[in-house]
Structures are given as C-alpha cells and as structure tokens.
1. Please work out which residue is most open to solvent (accessible area, probe 1.4 Å), limiting yourself to region B:1-34 and to residues that are in a loop (DSSP other than H, G, I, E, B) and under 30 Å from B:Trp51 (Cα atoms).
2. Being in contact with a strand residue (DSSP E or B) (Cβ under 6 Å, 6 or more places away or on another chain) and farther than 23 Å from A:Thr93 by Cα is the filter here, so list the residues in region A:18-57 that pass it.
3. Residue check: is B:Asp38 more than 14 Å from chain A (Cβ to nearest Cβ), of a type outside the set (Lys, Arg), touching a Gly at 6+ places or on another chain (Cβ under 8 Å) and farther than 22 Å from A:Gly192 by Cα?
4. Based on this model, can you work out whether B:Cys110 counts as at negative phi, hydrophobic (A, V, I, L, M, F, W, C) and either assigned by TED's automatic domain parsing to the domain that holds B:Pro150 or touching a residue at least 24 places away in the same chain (Cβ under 8 Å) (or both)?
5. Given the criteria within 17 Å of A:Val334 (Cα to Cα) and crowded, with 24+ Cβ neighbours inside 10 Å, does A:Leu85 qualify?
6. Of the residues A:Glu144, A:Glu115, which is acidic (Asp, Glu), free of Cβ contacts under 8 Å to residues at least 24 places away in the same chain, closer than 18 Å to B:Gln88 by Cα and touching a strand residue (DSSP E or B) at 6+ places or on another chain (Cβ under 8 Å)?
7. Let me spell it out: the conditions are (1) open to solvent by 10 Å² or more (accessible area, probe 1.4 Å); (2) within 11 Å of chain B (Cβ to nearest Cβ), and A:Ala152 meets all of them except one. Which number is the exception?
8. Of the conditions (1) closer than 30 Å to A:Val40 by Cβ; (2) within 13 Å of chain B (Cβ to nearest Cβ), A:Ser168 fails just one. Which one is it?
2 protein chains.
Amino acid sequence: MGSRKGKCMVFERPPVLRAAASVVGKKEGEGPLGHCFDVVNEDAYFGEKTWEKAEASLQRTSAGLAMQKAELAPTQVDVVLAGDLINQCTPSTFGLVEFGIPFIGLFGACSTCAEGLAVGAALLNAGYAKTALCVTSSHFSTAERQFRMPLAYGAQRPPTAQWTVTGSGAFVLDAGMPAKSGEICIRAALVGKPVDMGIVDANNMGAAMAPAACDSIQQFLQDMDCTPASFDLIATGDLGALGYGIVKDLLGRDGLVLDNVYDDCGLMIFDRETQEVEAGASGCACSAVVLAGHLLQQLREGILNNVLLVGTGALMSPTSFQQGESIVGIAHCVWLSRQP
Amino acid sequence: MGSRKGKCMVFERPPVLRAAASVVGKKEGEGPLGHCFDVVNEDAYFGEKTWEKAEASLQRTSAGLAMQKAELAPTQVDVVLAGDLINQCTPSTFGLVEFGIPFIGLFGACSTCAEGLAVGAALLNAGYAKTALCVTSSHFSTAERQFRMPLAYGAQRPPTAQWTVTGSGAFVLDAGMPAKSGEICIRAALVGKPVDMGIVDANNMGAAMAPAACDSIQQFLQDMDCTPASFDLIATGDLGALGYGIVKDLLGRDGLVLDNVYDDCGLMIFDRETQEVEAGASGCACSAVVLAGHLLQQLREGILNNVLLVGTGALMSPTSFQQGESIVGIAHCVWLSRQP
C-alpha cells in the first residue's frame, strides 16, 4: 500500500485526520488565534509543581481530548508517536504513559509534529495499524531554562530570539475507512535531511532552520510534480520573521516564488506588535497547535484545500552549543488535503 | 505490503540486514565478545576533544563502515533512523549530518536499536524506501556525567548499577531484493508500550525495564502464535543480572519458561567476574554492538536461526529523577531470521 515518488512517501489510501486537539497557555490564548484552541489555561504550571510536569500534563490533556473527540478509548489506539524538546523527551513519556498505548518515541526538535504525522501516516497507509495518535508539546519555561538562561536571571532577549509556544497538539490518524468528502487526509510526506549551514547562535534558530526548509520544499515540489500553486498554503513550522525572510530569499534566487501561499506558524500565533515575542514563535507546539487549532479548521471549512506543512527543527543541545557545534536544521513535509 | 497480526507488524517481504558494523571502546574490546567487533579503539575520546564529540564520532564511524560493507554511498541510502541517550540526541545529529541522508530522529533510550530496526523494516517492507540505515550509540562517560555523577567525583557504584557500553552499532536494511538463502531478515516486530512499575532508583534500571520486557515478550509470542521454542535465542537488550532474573521470575509465574533460550545482551558483553561492571552492561550500544558484532555472525553461520531481540529502554532524565518521577520501561521486539 506504500509507494515512493522521488524521496517522498506517497499514501495511496490516505490516512484521515479524524480528530485533533490543542491545549495552550495564557499568552497563546491572548494571541490572534486564541479563539481557535480547545483549552487555554491561565496557569503556567497547569496545576503541577514543576514546569516539566506541566508540560507532561499538556500532552496528557491534548491526547486525551483528541481521543475523546475521535470517540476512541486508549485501548483502541494502535500506536502513539510522540516527542518533545526536553532532555530524554520526558514530557512525552510521563504525559502519555498512563494511556498504555504502544509508543514510538521521536526526537525531531520542533519538527516533531510533522515527523510524527509523516511516520504515523506511513505506518497506517501500509496497514500496520488502523489508528495512530501523534502528540507533541513545548513549554516556554522548560525550554528557556534548559536551552538558554534560568528565567529568574531576567536575561535580555535579542531581536532574533523566538518565543517558545506553551502548548500541546494531538492528532488522531485513522486508516480504518477511506476519506469521505470534506475530511482531511495526508496524501504524501517527505522526511527531510539534516542541513548544517554553520549557524552557532542559539538565539537565531530561524536562520539555522531556513536552509533545511528550502531544501525540503524544493525536494517535495520536484518529486511530487507540484508547484507552489498546487497549495493554498505552504506553512513552515517556526522560522519566525528572520527565517521566513531567508526562505523567501533563498527560494527566490532559485526562481521559486512562494509569496502568495507562504506563511510561517511562528508568525501566526502571536501578534509581534503587541506581544513582545521578538522574531516570532517557536517550539514543537508552535506548528502543532496552529495546525490542530487553526489550519485544520480552515481545511474543514474549505477555506483551504491543500496545505503543505513543513515542520522545521533545530537539532542542538546546550552542551553541543557550549562545545562550539553549529545548529543543524531539519524540515519534514506533510501534505494535508481536503477530500473533494 | 504491510500487515498486522495482533499488535505486531508483519513483513511479508522481509527486509534483509545487508550489513552491520560495530565500533567499541577499550573495555568492550577486552570483554568476551572483543574479537567480534569491527573496530576497538583504545582512546575513550576517539580523537575528539569531548566525550560528546567522541560519541558522535562513534556513530560516524559505524555508519560509514556499515555503508562501506554494503557497498553503498550515502546518496544510495534512502533514510536513516537514529537516536541515542544524550540530551537532544546530539551524537546522532552530529555523527550523521555529513552523510546528508533523510533523517528520522528517534528517542527510545536503550531500546533505540530495536526501535530503529522495527520502524525501518516497516517502512522498507511497505515500499517507501529501498535502503535504510539504523544507527545508535552510547558512551560510558557521556552517560555517567549526564545521568549520574561527574566521573571526577569517583562516586561509588551500587551492586545494582550497570556499566554503559561505549560503542555504536549500525545496520543497513535492504528491501531491494528478496532474501536469499543464508541471509538475515526481519520477519516481524512489535512496538512496545511504556510500563511504569514505580521504580525510582536510577542505579537499578534493569528492574525498571524488566516488566516492559515481559509484557512485550508475552504479547509477541501470543500475537505471532509462537512459543519460546520458536527461537534459538530471546535476547533482551540490557537488563543486567537483576532484570534478567526478574524477567525469568515474572514470566515463570505466568507459566512461560524461557530458561534455555533466554539471555541478555547486558550479560554477554562484559565478564562480570573480572571487569567490575556490577550488574552488567547497559546503554543504546549494548544490544546494538552485541547484535552487529556477535549475534548476526552466529545467525550468518547458522548457529542461530531465529532470534527475538527485545530492545529495552528506561525512559527518564536526571530532571525527572530529581523531581521524584519513576522510571518508565519500554521494550520493542524484532524477529531476526536466517533465510533457509
């Protein structure tokens, strides 16, 4: 049931995105997409004692809600694909362990949402499973203290910095029945390759990830015989203003003009004028909650019919950064399509 | 081309393990399997300035060697599946980035070898790719300083502690041609579910992982209509002496006697009498290099014909440990079979 076109995985019987859930924090709730999210919690601790436990709670809530919307008990879900930014991906483990679902742990940094959807759709389309749950999360406070500075230091953020989204997105993929008219399915996906352009500034992730996004977008369009016009929207994950500009510049040099269809989830979720997020948003939850809360709604309503999600990730750690390694970018593409 | 039997993924056209490579450190080279490994390096830094870079170098070396043995250039490999124990899996990123192969990042702690083989075989069998590379690594010094104590403290190790293997194993999976007589293929795999038995001692990982191993072994045998006698060897990844005993006890209570066919990679690689490794070995590299260096050789020679690799992982971090969370175990099964 699976096939390959160039480097892309093509799904002959496209898995359906049966349900999705988005859970976010206060700041995300105050942003321009605030009304789209299922749960907005004012408490950054989500009732827990630590931020790490809060992030696990985010995953537990979004996964539970997605299954509830799909009217599935955890025992009816064949496999979960999950990951996050935190050391050893503990929010995924501790957020999801109680469901007891066979567990494929991923690490793709902020590309995890797209990575999970790509691999999950591949397994479902091939017939290894009927139902998959894809979950990811990020939390501003867990990410800042792990990757940059303890929050209590009150360190200044440079204008290239991005604001890690506090939230979790969960998606139920279903291969039990062919997609019906109006349903959203995953038609194809591309696993991206890591790209190292020598960027060493952990406060300029967008620049580190942009070349990988360009590489994957070009590869996907070429392999699938598509043009930018084949999509109503090409949405990168979390490049922010700098990375967004770099992608347009780099692709423009190759004669590929994305202008009308290109946007970045990291520019959608906050209002940069009023919300003090510098270059925009980032984090695994950025593309996950924008997709779960906003884009899927637009797809369901037919405002969008074909979306290319380009999940972007910065593969680095505080240790690699301190040891002078550069930041490796990666980008995975997922083609979401409304069944006519 | 993919199908499901119970919770197992069954591969109708089993991907072939075309080549494997194992690279280890000095202590592993001095152990009972020392003669099996492709490269034994006396220098714990592998020529690098830090242990983390050394671990990246381990992956680069094993991956390069596996591709060389398979007579493949990196451009001929469709996808790499890799992960490790280190924060944000940087040894995988920095070890493999130069090959430029589409990259699926995994986090499965010490179960990563089995996780990569399971997901990789699934993608190949389904037709999404023809060639996959599965890589993982661990390093005693990166793991100790990250998970337990700075090495320079000279902290005492309790008798339940396990010694993290310094090494990397890499495997080239090939779906281009059906398996020929004498070749080793992957017939089926099971993605395990996370199991939390409330173990909170980071120096007793074997006990934390053993219940997950039992759960996955029972599930696999039941779903595939197998008995322990269907295998010449059931090998858990890195339970060590304590976890090994717990698995035998727990399964024995359910009437499942594994005695003659059961062993643990964590008990094979070192000589516990003379090498001061306490309860045995652990780390992502443990099952990876035992499989790549030792078990595959025995399979190729027909000494073994059917091996069930049960990759075991302890899903935790120093932060989760300090915050009082328990250690969640997971185990993935991979059925390796010599083509008659």
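1. Step one: list which residues in region B:1-34 are in a loop (DSSP other than H, G, I, E, B), which gives B:1, B:6-7, B:12-15, B:30-33.
Then drop every residue that is not under 30 Å from B:Trp51 (Cα atoms), which leaves B:30-33.
Numbers: B:Glu30: 114, B:Gly31: 12, B:Pro32: 66, B:Leu33: 13 Å².
Looking at the filtered set, the residue picked out is B:Glu30.
2. Passing the criteria: A:Arg18, A:Glu28, A:Gly29, A:Phe37.
3. Details: more than 14 Å from chain A (Cβ to nearest Cβ): yes; of a type outside the set (Lys, Arg): yes; touching a Gly at 6+ places or on another chain (Cβ under 8 Å): yes; farther than 22 Å from A:Gly192 by Cα: yes.
So B:Asp38 fits the description; yes.
4. Details: at negative phi: yes; hydrophobic (A, V, I, L, M, F, W, C): yes; either assigned by TED's automatic domain parsing to the domain that holds B:Pro150 or touching a residue at least 24 places away in the same chain (Cβ under 8 Å) (or both): yes.
So B:Cys110 passes the test.
5. On the way: within 17 Å of A:Val334 (Cα to Cα): no; crowded, with 24+ Cβ neighbours inside 10 Å: yes.
No, not satisfied.
6. A:Glu144
7. Exception for A:Ala152: condition (2).
8. (2) is the only condition that A:Ser168 fails.
The values are calculated or read from the model by the stated rules, or taken from the named source; none is laboratory data. What you see is a predicted model; the values in this text were computed from it and never measured. Every residue, glycine as well, gets a Cβ built from its backbone with ideal geometry; the counts of neighbours run over all protein chains shown. Heavy atoms of the whole protein, side chains included, go into the accessibility calculation; ligands, DNA and RNA do not. Shrake-Rupley method; radii C 1.70, N 1.55, O 1.52, S 1.80 Å.
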